[in-house]
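Right, one structure below, let's go through it.
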Amino acid sequence: MRILVIEDEASLRESLARRLAEAGYSVDTAAEGEEGLYAAIEHPLDAAIVDLGLPKLSGFDVIRTLRSRRSTLPVLVLTARKHWSDTVQALQAGADDYMHKPCNFHELVARIQALMRRHGGWASSELVCEPIALNLAERSVRVAGVPVDLTTFEYNVLEYLMLHAGQIVTKSELRDRLYDGDEGSEGNVLDVLILRLRRKLDPDGRIDPIQTVRGMGYRWRLPRTG
């Protein structure tokens, strides 16, 4: 999953980017509002963390502009402003959630996960398509109740496919959310990840969870059951 952090305080921006990357996310950063808005419009993202007091363009204006363009990108505001009127203004501008600095990183991640889950139409942090269950909070996967050991990239591919269950996901869409810059974007890296996932999730070839849509990409074909 790919997250944008728009934060002008360099130490916090770098800390968030590092910790989110360590947690398995692909991260884009921006130090001011105009740059952040451009990234939010032009890059394929799954969520954004936005400060309010930004140079050049405020966080309020970034959010308003996104919503005026009919963007449904989940936005979490992270700010030092604690007056209730700022919270109200941010939510009315189109923010989905609001946290104050300093924040607990684990709570921040949990809130981001909740935003992305709800954006995908899932009600619970456990995505269940029997016999496969993926727990977003634990970043764990079970098949018929048995834990399956996945690499970070394998898990990220599976998470994105399941969050978008039933939809066609293009290869470029997956690559954009898996890798920073051009890293891993060439060759058959993604094909290998899909092949390994199929072997781990369906070693007997009985459930066929990942469908290849020729010329387009992949579709998670198991129906949602949780």
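The values are calculated or read from the model by the stated rules, or taken from the named source; none is laboratory data. These numbers come from a predicted model, not from an experiment. As a convention, Cβ positions derive from the backbone with ideal geometry for all residues, glycine included, and neighbour counts pool all protein chains shown. Ligands, DNA and RNA are excluded from the accessible area calculation, which covers all protein heavy atoms including side chains. Shrake-Rupley method; radii C 1.70, N 1.55, O 1.52, S 1.80 Å.
General remarks:
- By a 1.4 Å probe calculation restricted to protein chains, His164 has an accessible surface near 40 Å², given to the nearest 10.
- For the stretch 162-178, the residues whose backbone nitrogen is under 20 Å from a point 7 Å from the Cα of Val192, taken along Cα to Cβ, are 171-178.
- Those aspartates and glutamates that a straight Cα-Cα span of less than 14 Å connects to Lys101, excepting residues fewer than 8 apart in one chain: Glu7, Asp8, Glu9, Asp51, Asp86
- Integer Hz, Karplus 6.51/-1.76/1.60 couplings in order for the stretch 134-144, x for Gly and Pro: 10, 9, 5, 5, 8, 6, 10, 9, 10, 10, 6
- Relative contact order [Cα under 8 Å, 6+ residues apart], the chain, whole percent: 16 percent
- Computed FRET value (nearest 0.05) for Thr72 with Asp176, which takes r as the C-beta separation and R₀ as 22 Å: 0.80
- Contact order normalised by residue count of the stretch 87-180, Cα under 8 Å, 6+ apart, percent: 16 percent
- Semi-axis lengths, largest first, of the ellipsoid equivalent to the chain are 33, 18, 16 Å, with √(5λ) applied to each eigenvalue of the Cα gyration tensor.
- Axis of helix 152-163 versus longest Cα principal axis of the chain: the two differ by about 80°, to the nearest ten degrees.
- Taking Cβ atoms as reference points and 10 Å as the exclusive limit, the residues near Thr79 contribute a net charge of 0, counting Lys and Arg as +1 and Asp and Glu as -1.
- Value of relative contact order over the stretch 16-58, rounded to a whole percent, pairs C-alpha under 8 Å and six or more apart: 37 percent
- Taking each residue as 0.36 nm, the span from His83 to Ser124 lengthens on full extension beyond its C-alpha to C-alpha distance by 11.7 nm.
- Helix 189-201 and the long axis of the chain differ in direction by around 60°, with both axes built from C-alpha atoms.
- Set of the stretch 129-151 residues, backbone N closer than 20 Å to the point 7 Å along the Cα-Cβ line of Thr225: 129-136, 140-149
- Taken over the C-alpha atoms, the stretch 89-135 has Rg and Dmax values of 13.5, 44 angstrom.
- Angle of helix 84-93 to the longest C-alpha principal axis of the chain, folded into 0 to 90 degrees and rounded to 10: 60°.
- For the pair Ser15 and Val146, label points projected 7 Å from Cα toward Cβ lie 4.4 nm apart.
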